[in-house]
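Have a look at this one before I ask anything.
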């Protein structure tokens, strides 16, 4: 593991050189964890040409010392030293400092910058996130473990889809089972929607009771060592109407059309086009969601975001979702989502829960 973190830090330093920066102030939680191994909060990282620092306070000092790889942990006394002064004290002769601009508010940055003196600061966005798009073997293993927990939890959940069950109760049962199986909390707030409420792409589980013939859509994920899985399944309880079947089949065909062409060197926009062609050829295309998927890792929605305006070309080590959906107001919706690893030969599906339409 030490070598993995050293490699990540070295790659980050190379990017600093390319951008004519002397150091980087890392502010994003996921970026910090990726570079340091620290899983806590209230921390700030500094990467200089010859030294790494992680600034925290007494609440996380012990944890940081145990978890950080090749970062010197600085325990700041918040009553005696401002954050800006502490950062300045550890910059040494740094003249040009990049900072993780997407993860700090204006007021906080103004307070820090005021104390940096003559240091030139430059907002940086996407540098570490771009590095995180290609997963190493350890990251792939964690994601596979998270996906396996989600698969098993859903398998155990299936008997709970019965008439009279509420969205909220079934969602809580799923979350309980994931955590019993070893998930570190939830990858995100579980989506569990029945009947016409399944047309809400990110609806919140409520007291809607399940009835025979209802749509069911659930979107959920587990977490292992910070790495998340993300899976969506859609069902109908008991028996489906002709329209429900058509909507489901359209989404399933769109997903498969995109998955079938995944490989290194493929512009992600081509996967989007493949799915969109199927959706638009149906009579339900006007209700199709705009995006097709996203990267997944320490953060749920990582780069690349797979849509019509993304110019990213797939590389081995990318972990992405493919999740087309159709959402018809006052009728219901269907989304199917899987996590996929791009390999040297093509792709590997990481989420294996079956996709029976009628349960």
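What follows is calculated from the coordinates using simple rules that are stated; it is not laboratory data. Just so it is clear, the structure is predicted and the values come from calculations on it, not from any experiment. Note that we place each Cβ from the backbone using ideal geometry, even for glycine, and neighbour counts take in every protein chain shown.
Given springs between every Cα pair under 10 Å in a Gaussian network model of the chain, which of 154, 97, 122 has the largest fluctuation?
So, out of 154, 97, 122, the one fluctuating most is 122.
What is the P(r) of the chain, as percent of Cα-Cα pairs per 20 Å bin from 0?
Once binned at 20 Å, the Cα pair distances of the chain give 28, 49, 22, 1.
Sticking with this structure for a sec: Tell me, in nm to one decimal, what length is gained between residue 277 and residue 10 on full extension, where the rule is 0.36 nm per residue of separation less the Cα-Cα distance? Before the final figure, lay out each step's value.
Details: separation 267, 0.36 × 267 = 96.12 nm, distance 4.23 nm.
Full extension from residue 277 to residue 10 adds 91.9 nm.
Could you run the Debye sum over the Cα atoms of segment 2-130, one equal point scatterer each and no solvent, and tell me log10 of I(q)/I(0) at q = 0.14, 0.19 Å⁻¹, two decimals?
-0.55, -1.08
Let me ask something additional. Relative contact order of segment 315-357, please, whole-number percent, based on alpha carbon pairs below 8 angstrom and at least 6 residues apart. Present the calculation step by step, with values, prior to reporting the outcome.
Details: 60 pairs, mean separation 15.3, N = 43.
RCO, segment 315-357: 36 percent.
Between residue 181 and residue 345, what is 0.36 nm times their sequence separation minus the Cα-Cα distance? Round to one decimal in nm.
Between residue 181 and residue 345, full extension yields an extra 55.9 nm.
Suppose each label sits 7 Å from its Cα in the direction of the beta carbon; what would the residue 212-residue 357 distance come out to in nanometres?
2.0
Cα atoms only: what Rg and Dmax, in Å, come out for segment 137-349?
Reported Rg and Dmax, both Å: 16.7, 48.
Connecting C-alpha atoms closer than 10 Å in a GNM of the chain, tell me which of 89, 276, 33 has the biggest fluctuation.
Highest fluctuation among the options: 89.
Taking Cα atoms of segment 42-98, Rg/Rh with Kirkwood Rh, to two decimals?
0.96
Taking the chain as a Gaussian network, Cα atoms linked when under 10 Å apart, which of 344, 72, 81 shows the biggest mean-square fluctuation?
81
Then there's this: Please give, to one decimal in nm, the separation of the simple spin-label points placed at residue 122 and residue 103, each 7 Å out from Cα toward the Cβ.
Going from the residue 122 label point to the residue 103 one covers 2.0 nm.
Here is a further query. Kirkwood hydrodynamic radius, computed over distinct alpha-carbon pairs, for segment 230-300: how many Å, to one decimal? Spell out each step's value before the answer.
On the way: mean 1/r = 0.0737 Å⁻¹.
For segment 230-300, the Kirkwood estimate is 13.6 Å.
Output the relative contact order of the chain, whole-number percent, from Cα pairs under 8 angstrom with separation of 6+ residues.
14
Report the extension gain between residue 137 and residue 313 in nm, rounded to one decimal, defined as 0.36 nm multiplied by the number of residues separating them, less their alpha carbon distance.
On the way: separation 176, 0.36 × 176 = 63.36 nm, distance 2.01 nm.
Here the segment from residue 137 to residue 313 would lengthen by 61.3 nm.
Calculate the length of the line joining the C-alpha centroid of segment 206-263 to that of segment 31-66, in whole Å.
The two parts, judged by their Cα centres, are 39 Å apart.
Specify whether the C-alpha gyration tensor of segment 139-243 places it in the rounded, prolate or oblate class, a ≥ b ≥ c being the square roots of the eigenvalues: rounded for a/c under 1.5, otherwise prolate if a/b is larger than b/c and oblate if not. Before the final figure, lay out each step's value.
Values: a/c = 2.10, a/b = 2.00, b/c = 1.05.
In terms of gyration-tensor shape, prolate.
Another question about this same structure. Just to confirm the number: angle between the C-alpha axis of helix 242-260 and the first principal axis of the chain, 0 to 90 degrees, nearest 10?
40
Here is a follow-up. Would you mind checking the tilt of helix 2-18 against the longest principal axis of the Cα atoms of the chain, expressed as 0 to 90 degrees and rounded to 10?
Once rounded, the angle reads 70 degrees.
If you line up the long axis of helix 268-281 against the longest principal axis of the chain, both from Cα atoms, how many degrees apart are they, to the nearest 10?
For 268-281 against the chain, the angle is about 20 degrees.
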